[in-house]
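Input: a single structure, listed below in structure tokens.
The values are calculated or read from the model by the stated rules, or taken from the named source; none is laboratory data. None of these values were measured; they are calculated from a predicted model. Reconstructed Cβ throughout: ideal geometry from the backbone, glycine too, with neighbour counts over all protein chains shown. Accessible surface areas use protein heavy atoms only, side chains included; no ligands, DNA or RNA. Shrake-Rupley method; radii C 1.70, N 1.55, O 1.52, S 1.80 Å.
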Amino acid sequence: MELKTICQSIEILAQEVGQFVRQERLKITNDDIELKGKASLVTYVDKNAEEMIVSALRKLLPEAGFITEEGTASASGEQLKWVIDPLDGTTNFIHGIFPHSVSIALIDGEEPVAGVVYEIGQDELFLAWKGGGAWLNGQAISVSKTEKHEDTLLATGFPYYNFDMLGNYLKLLEFFMIETRGMRRMGSAAVDLTYVACGRFDGFFEHALHAWDVAAGIIILKEAGGKVSDFKGGDDFLFGKEIVASNKNYFPAFFQKVNEFLG
Ligand code: IPD
Ligand code: CA
Ligand code: CA
């Protein structure tokens, strides 16, 4: 099946699941919140959303395996795998704020080749497939052209369970606070990457992420003309739990600072 056709199917699926999440947001109570780990929350909405996605994707591409946040399905050596975060931004969702999103990617080996991020609050559907460009609600998108720290707005995710690098992380934040237009902590890494892809943010970095947080955002960012690496300048950004992403003009200056403090 062609990647473009696959994208058209997962676009509809992400919107349907997003509609389910939107409806449930008004119904959840404190009794629905479970703790998976330190500051790591989950509800029946995450789990049911994941089941909806997995059952649809099994029919769409029976040969593909799965890497999913809530463990509904798993991979066993397949070349093609779906990488799914049914609700990225669960803490935002539980606290009744946006953004939060549905994130679905297809990877070939370890390379994301198609992805959809549906941001529920603003009804924004980002999608891309390898060689097909990046799109937001049907319009082509591209990264910003900024080069200098002083012209950029940046995004990150604050550490909340792994504090190994906290000291250096805070020094890096201090640098960016002083030298850039500012920092944002949106609460959905998938959305952070798509906002870099469409030029709203100029750069994003975060430590201790999982593949399902970033897989769809990576292909969308790359197809929008962005650049991505791990904190050492290598390619281990999907499973390596560290990512630095920006437009190509700004990447050298941005990466140099992230690498200096966190690499
Ligand atoms: C989280 C979000 C958040 C990031 C966390 C992720 P979840 O995903 O992407 O922005 O800072 O590291 O775990 O738990 O809401 O799916
Ligand atoms: Ca996530
Ligand atoms: Ca999640």
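Structure data summary
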read-out: Portion, in percent, of the accessible area of the chain that falls on carbon or sulfur, probe 1.4 Å; value: 49
read-out: 3J(HN,Hα) from dihedral phi, region 76-90, Karplus parametrisation 6.51/-1.76/1.60, rounded to Hz, x for glycine, proline; value: 9, x, 5, 6, 9, 9, 8, 10, 10, 10, x, 8, 9, x, 4
read-out: Residue-level accessible surface for residue 28, protein heavy atoms, 1.4 Å, Å²; value: 30
read-out: Residue list for region 113-144, given a label point 7 angstrom along the Cα-to-Cβ vector of residue 4 and an amide N cut-off under 19 Å; value: 113-116, 126-142
read-out: Stretchable slack from residue 208 to residue 236, in nm (0.36 nm times residue separation minus alpha-carbon distance); value: 8.8 nm
read-out: Loop sites in region 164-228: trypsin sites (Lys or Arg not before Pro), DSSP, at most 11 other Cβ within 10 Å; value: 185
read-out: Helical contribution to [θ] at 222 nm, DSSP H n ≥ 4, -39,500 (n - 2.57), averaged over the chain, rounded to 500; value: -11500 deg cm²/dmol
read-out: Peptides 97-108, 137-148 ordered by average Cβ neighbours within 10 Å, highest first; value: 97-108, 137-148
read-out: Neighbour-limited loop hits for chymotrypsin sites (Phe, Trp or Tyr not before Pro), region 193-233 (at most 14 other Cβ within 10 Å; DSSP other than H, G, I, E, B); value: none
read-out: Coil-residue chymotrypsin sites (Phe, Trp or Tyr not before Pro) of region 133-182, DSSP, other Cβ within 10 Å capped at 14; value: 160, 161, 163
read-out: Listed pairs 36/241; 36/171; 59/222; 47/241 exceeding 20 Å between Cα atoms; value: 36/171; 59/222; 47/241
read-out: Accessible area, probe 1.4 Å, largest first, for residues 13, 3; value: 3, 13
